[in-house]
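Okay, so here's the structure we're looking at.
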Amino acid sequence: MVWGEAYPFFGFNESAQKDKLDIALPPPQYPEQKNLIEFIPNAASAHQFFLDRNSISFSSDEIIRYSLRIKSAQGSETTSFEGIRCLPIPERKIYAFGRPDKQWVMSKHANWAPLNLASTPSHIRYLSHSLFCADEVIKSANVLKEIMKKLDSVHAP
């Protein structure tokens, strides 16, 4: 898929993107360790990256939402609730951050940011390009089912 290529069945066009709906949804339940699936965006990273299987959703606003946990080589963890909109150009929004007491704190400055090769972290590029916004996913009639199938095949135990 070429980033920025629009698919007419998905309902996107460049001029309507600014007005695109972003449904205000509450964050999912805080991720439990047993539901985390590790993914490796790049072999050179010392960090570990996890998606919460139970948090992945796709709603009528055509945003894929998910909980992400990053564990540094030193053991510190960051948890966030984010969204990726694939078309017409991939964009990312961080809705909330996790606290140590396993509660969410909503981001006061949550804005959509375009994903580009220069400034987007490798794990987000991986999620958008290889998992969430892959052709076989966004062209599917059942986006969430395709994401789960792709996640299972890439990250099978």
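Readers should treat all values here as calculations from the given coordinates under stated rules, not as data from a laboratory. Since the structure is predicted, the reported quantities are computational estimates derived from the model, not experimental observations. All Cβ positions, glycine included, derive from the backbone under ideal geometry; neighbour counts span all protein chains shown.
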In the stretch 59-157, the trypsin sites (Lys or Arg not before Pro) that fall in loop regions by DSSP, at most 10 other Cβ within 10 Å: Lys108
Residues whose modelled amide H sits under 5 Å from the amide H of Ala96, counting only those 5 or more places away in sequence or on another chain, are Phe81, Ser107
When Lys and Arg each count +1 and Asp and Glu each count -1, what net charge do the other residues less than 14 Å away from Gln33, Cβ to Cβ, add up to? +1
Checked the stretch 18-157 against the a/c 1.5 cut and the a/b vs b/c comparison, axes a ≥ b ≥ c from its Cα gyration tensor; verdict rounded
Would you mind ranking Trp104, Trp112 so that the residue whose beta carbon has the fewest other beta carbons within 10 Å leads the list? Trp112, Trp104
Rg to Rh, two decimals, where the stretch 70-119 supplies the alpha carbon set and Rh follows Kirkwood: 1.05
Please list, in order, the residues from the stretch 71-100 whose amide nitrogen is less than 12 Å from a point placed 7 Å along the Cα→Cβ vector of Ala24. none
Here the stretch 70-81 yields Karplus 3J(HN,Hα) values (6.51, -1.76, 1.60; θ = phi - 60°; whole Hz; Gly and Pro given as x) of 10, 10, 6, 4, 7, x, 6, 10, 10, 10, 9, 10
Could you sort out which of Lys71/Lys149; Lys108/Lys149; Lys102/Lys149 sit more than 31 Å apart by Cα distance in this structure? Lys108/Lys149
Between Leu144 and Lys34, the FRET efficiency computed from the C-beta separation at R0 = 25 Å comes out, to the nearest 0.05, as 0.75
With a Förster distance of 30 angstrom and the Cβ-Cβ distance between Ser60 and Ser122, calculated FRET efficiency to the nearest 0.05 equals 0.50
Could you run the Karplus curve 6.51 cos²θ - 1.76 cosθ + 1.60 with θ = phi - 60° over the stretch 113-119 and give me ³J(HN,Hα) per residue in whole Hz, x for Gly and Pro? 10, x, 8, 9, 5, 6, 10
Counting only residues 5 or more apart in sequence or on a different chain, those whose built amide H sits under 5 Å from that of Phe39 are Phe49, Phe50, Leu51
